[in-house]
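We did not get these values from a lab; they are worked out from the coordinates using the rules stated. These numbers were taken from a predicted model, which means no experiment stands behind them. Please note: Cβ atoms are built from the backbone with ideal geometry, for glycine as well, and neighbour counts cover all protein chains shown.
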Amino acid sequence: GAVVSQHPSWVICKSGTSVKIECRSLDFQATTMFWYRQFPKQSLMLMATSNEGSKATYEQGVEKDKFLINHASLTLSTLTVTSAHPEDSSFYICSANTGQGQETQYFGPGTRLLVL
Amino acid sequence: QKEVEQDPGPLSVPEGAIVSLNCTYSNSAFQYFMWYRQYSRKGPELLMYTYSSGNKEDGRFTAQVDKSSKYISLFIRDSQPSDSATYLCAMSGQAGTALIFGKGTTLSVSS
């Protein structure tokens, strides 16, 4: 299957700082990538859809000024959590669709964020 | 009513048992159905993908979709301790769009 990587896998930061998470498709080009958030014992909740070369589409209730998404190339999307607070602590996961008429999405390994 | 319902379990079975995992959904527009396996603190791993109704088999795993009942299932034969994980159903209505996930069912297979 297709490979999606994320970096970093773990990050601890102080409240008020910004954190950038990278999502890369390693062996395919992804016009669209998705960012999800998962709280403990909860399912994945879509935060935003990231489209290469255009603005991201955010789900209702997700602050676009707080969660900045940039999809500058066909293999890289970044999520920046600005002025992070403890309630932003969560597991952030990206996914990408291989296209070519395939619906299957491949997920990155996730980034665990802990805001102190 | 949530779009996708999935019993969170936990479900505990002995090694070698047949496991049945299920999801129901309310949106008749869903056409693409997937099952993912997620180990603790890891990203979801795609197990099975089915388009529209029907069955699909891959090794010990069988996925079934019944669109008339809005019901999907994943069967695991000869379950192994390594199958212990959370199983997430996911679905969408259009290719290339985001997935709607169930809450996940936590499975524990004891040796």
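Quick notes on this structure:
- Excluding exposed DSSP-loop trypsin sites (Lys or Arg not before Pro) (at most 13 other C-beta within 10 Å), longest clean stretch of chain B: B:3-40
- For the range A:1-86, the number of Lys pairs separated by eight or more positions or lying on different chains, with C-alpha atoms closer than 18 Å, is 6.
- Nitroxide proxy distance, nm - points 7 Å out along Cα→Cβ at A:Asp65 and A:Thr80: 1.5
- Dipole of chain A [Lys/Arg +1, Asp/Glu -1 at C-beta], most positive-end residue of A:Ser83, A:Tyr36, A:Ile69: A:Ser83
- The modelled label-to-label distance for the pair B:Arg41/B:Glu15, using points 7 Å beyond Cα in the direction of Cβ, is 2.5 nm.
- Restricting attention to chain B, lysine pairs at least eight places apart or on different chains and with alpha-carbon atoms under 16 angstrom apart total 4.
- Working from Cα pairs under 8 Å separated by at least six residues, relative contact order for chain A is 36 percent.
- Normalised contact order of chain B, rounded percent, pairs of Cα under 8 Å and 6 or more residues apart: 37
- Within the protein assembly as shown, antiparallel bridges make up roughly 90 percent of the DSSP beta bridges whose residues both belong there.
- A:Ser43, B:Ser82 arranged by Cβ crowding within 10 Å, fewest neighbours leading: B:Ser82, A:Ser43
- With a Förster radius of 45 Å applied to the beta-carbon distance between A:Leu26 and B:Asp78, the computed FRET efficiency rounds to 0.85.
- Assigned charges on the beta-carbon of Lys, Arg, Asp, Glu; the protein assembly as shown dipole about Cα centre (debye): 360
- Given R0 = 25 Å, the distance between the Cβ atoms of B:Asn27 and A:Glu87 translates into a calculated FRET efficiency of 0.25.
- For chain B, the residue among B:Gln64, B:Leu11, B:Ala98 whose Cα projects farthest onto the positive side of the dipole built from Cβ charges is B:Ala98.
- Residues A:His71, A:His85, arranged from fewest to most other Cβ atoms within 10 angstrom of their Cβ, appear as A:His85, A:His71.
- Within the protein assembly as shown, the ratio Rg/Rh, alpha carbon atoms throughout and Rh by Kirkwood, equals 0.97.
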